[in-house]
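Here's the structure we're looking at; comments come further down.
The values are calculated or read from the model by the stated rules, or taken from the named source; none is laboratory data. This structure is a prediction, so every number in the text was calculated from the model and none was measured. Every residue, glycine as well, gets a Cβ built from its backbone with ideal geometry; the counts of neighbours run over all protein chains shown. Surface accessibility is based on the protein's heavy atoms, side chains included, excluding ligands, DNA and RNA. Shrake-Rupley method; radii C 1.70, N 1.55, O 1.52, S 1.80 Å.
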Amino acid sequence: MDLLKTILVYMSMVVAASVQNAPDPGAMPAYDEPTPTPYVQAAPTATPTPTDTPRPTPVPTIDITPNPEYSTLQVGDRGDEVRRLQEELARYGYYEGDIDGVYGNQTRRAVEQFQYQHGLSADGMAGRVTLTVLYESGQVRLSPNAVTPAPSPTSGLSVALTEAPATPAAAETPAPAATEPPAATVSATPTATPTAAPTATATPAAPTATPSPTAAPTSTPEPAFEAMEGYGIRLAGAAKALTVAAEDETEAPLLPYRMGEEVYLPFLEILHEAGINVITSESVEADEYAFAVNDDIFRIAFTHDQSGAPVSLEAYKNNEPQIVPVRDIRGVGGVLYLPASTFESLTGIAAQVDEAGQTVTVALPDAPEEAQ
């Protein structure tokens with residue numbers, strides 16, 4: 001029993017001692033509680049609305065029915081129809097070259113610009129639609145390059161403006177000295193004395209020279225298409241020159257023609273004289289002639305203008321379009337004439353002019369040698 005009490009007293013003493021030795025709760029160091037990092041929520045960004053890229057406004061096309069009387073004009077054509085085209089294009093500011101009746105690259109570029117400004121296919125060829133819009137629509141738009149020039153400094157308006165102030169200045173008369181106020185008043189208002197008037201009258205306005213009128217550019221006249229009188233056409237090796245039936249049912253020499261340096265020959269009559277068969281196809285749209293020279297097949301096609309003259313020559317070799325040096329074609333008394341250079345480049349049939357003998361000799365190309 002005493003042992004149990006002793007153990008209890010000992011344990012009580014141990015507990016009391018441990019409580020006394022424990023640190024005071026108030027003496028514990030204070031620790032700052034960490035401040036939580038605020039959560040930042042990003043505001044949603046509005047997605048920009050895509051904007052359409054501005055596109056150029058298409059040029060409106062003039063609604064008009066093409067006139068079937070017009071024929072297509074293109075590079076290489078010559079004549080009055082080309083001259084009329086150039087005059088109308090120049091009228092609206094599209095063409096600035098010479099009115100020479102020759103459809104060259106400058107005319108082609110003017111046609112392309114006209115077609116673009118009127119919503120047409122800009123191919124540089126003046127077809128029925130292009131010519132109808134230009135000649136008959138009454139809605140032709142001026143070229144963007146056709147700008148009215150500003151008046152020059154030497155114009156009549158400038159002369160009037162520079163001379164006008166000189167008149168009142170000359171009429172000014174200084175006040176007489178006797179009527180001036182006392183000296184004190186005069187010194188207080190010195191600006192009242194008109195001292196600038198004599199300067200205006202002492203320097204008279206210089207006369208402006210009248211500009212001389214600028215002479216209008218003169219176009220180079222087109223060479224005349226004329227017969228080579230006294231000349232004959234013959235095939236190489238033939239003794240007789242080509243002839244044509246005259247009005248009195250007699251045979252007359254078939255003359256060559258010349259325009260400038262170019263000689264024109266009757267290509268159908270030459271082919272017939274050489275024994276070459278020609279297949280003819282004539283219609284309202286176009287006339288075509290097909291023939292064979294050695295191993296090649298050629299086709300020549302053209303249309304007619306309002307006067308019935310042949311225009312717009314096209315050439316094909318074995319159904320392939322050919323580049324024609326001179327696209328001019330002429331009709332004289334029902335006989336069709338082609339430039340000798342075109343005839344030679346297309347078929348190889350060459351012509352030699354003998355000025356002394358007044359003869360044009362036509363030679364056919366040699367047949368190709370057969371493979372051995």
From the protein chains alone at 1.4 Å, what is the descending order of accessible area for 327, 128, 108, largest first? 128, 108, 327
Once all protein chains are kept in place, residue 361 shows an accessible area at probe 1.4 Å, nearest 10 Å², of 50 Å²
By average Cβ neighbour count within 10 Å, what is the ranking of 223-234, 329-340 from highest down? 329-340, 223-234
Projected label distance in nm at residue 285 and residue 341, using a 7 Å step from Cα toward the beta-carbon: 3.1 nm
Residue 224/residue 353 FRET efficiency (R0 22 Å; Cβ-Cβ; nearest 0.05): 0.80
How far is it, in nm, from the label point at residue 7 to the one at residue 122 when both lie 7 Å from their Cα along the line to the Cβ? 11.9 nm
Over segment 246-369, what relative contact order in percent results from Cα pairs under 8 Å that are six or more residues apart? 17 percent
Can you check what the net charge comes to around residue 279, using other residues whose Cβ is under 13 Å from the Cβ of residue 279 (Lys, Arg +1; Asp, Glu -1)? -2
Gained length - residue 278 relative to residue 244, 0.36 nm times residue gap less alpha-carbon distance: 10.5 nm
Given charges at Cβ of Lys, Arg, Asp, Glu: segment 255-372 dipole, positive-most of 306, 278, 360: 306
